[in-house]
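Reading through the structure tokens given below for one structure.
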Amino acid sequence: MNSITKKVLTAAAVTIAAVGFAAPAFAATSAGSESGAGTGTLTAAGSGAAVIAGDVDSMVVSGMGTLVVIDHGGDAVVHVAGHGAKRTVGNVTTYSGYNGRATITGSDVTVKLAGVDVHLLVSGEGSFTLRGHGAYDTQPGVAGGEGIWTNPGATGSL
């Protein structure tokens, strides 16, 4: 089995495992109305599932797996480079078999990437949940923090 096939199979397994994790995160009616939201920047890298919700000034996300963008505010701008099948239903756009890089902005969005080799750089106001294995850092220093992704999950504010 070549390394690309192994990565695709690993991404599929992580995506399937993350389905139960993603459902509660998407149950919120509006990302901007979640409590505990902060303003700043999140940098993260790892494998598993990442969910970011809020007013996104700038987001660059890459990895291999499934990317979902929910546009609660109706003004999200998404540019995707890479491979994957795109499907839009209402305000939810899903990129299955995603392998690439996306830039996203929006006043009230929820973004989820479940997969391997996940890299995030997010600036704005909101919250995040990371589950799997990896590391993250938030800025500014006063409200920020750093940590490790774990299977139980790490949550915080931007």
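Please state which of the following conditions Asp57 fails to meet, knowing it meets all the rest: (1) in contact with an Asp or Glu (Cβ under 7 Å, 6 or more places away or on another chain); (2) within 22 Å of Gly40 (Cα to Cα). Of the numbered conditions (1) in contact with an Asp or Glu (Cβ under 7 Å, 6 or more places away or on another chain); (2) within 22 Å of Gly40 (Cα to Cα), the odd one out for Asp57 is (1).
Number of residues in segment 126-135 that are of a type outside the set (A, V, I, L, M, F, W, C) and either modelled with pLDDT under 90 or surrounded by fewer than 19 Cβ atoms within 10 Å (Cβ to Cβ) (or both) equals 1.
Here Arg101 meets the list (1) buried (at least 17 other Cβ atoms within 10 Å of the Cβ); (2) within 13 Å of the chain's Cα centre (by Cα) almost entirely, failing just condition (1). Return yes when Asp108 is within 20 Å of Thr41 (Cβ to Cβ) and modelled with pLDDT of 90 or more and no when it is not. Answer is yes for this residue.
Taken over segment 77-96, the residue count meeting the criterion of being under 19 Å from Ser58 (Cβ atoms) and loosely packed, with under 15 Cβ neighbours inside 10 Å is 3. Residue-level analysis places Val8 outside the set of residues that are of a type outside the set (Lys, Arg), modelled with pLDDT of 95 or more, surrounded by fewer than 20 Cβ atoms within 10 Å (Cβ to Cβ) and not in a loop (DSSP other than H, G, I, E, B). Among residues that are aliphatic (A, V, I, L, M) and modelled with pLDDT under 50, Ala53 is not included.
The values are calculated or read from the model by the stated rules, or taken from the named source; none is laboratory data. Note that this is a predicted model, so its numbers are computed, not measured. Reconstructed Cβ throughout: ideal geometry from the backbone, glycine too, with neighbour counts over all protein chains shown.
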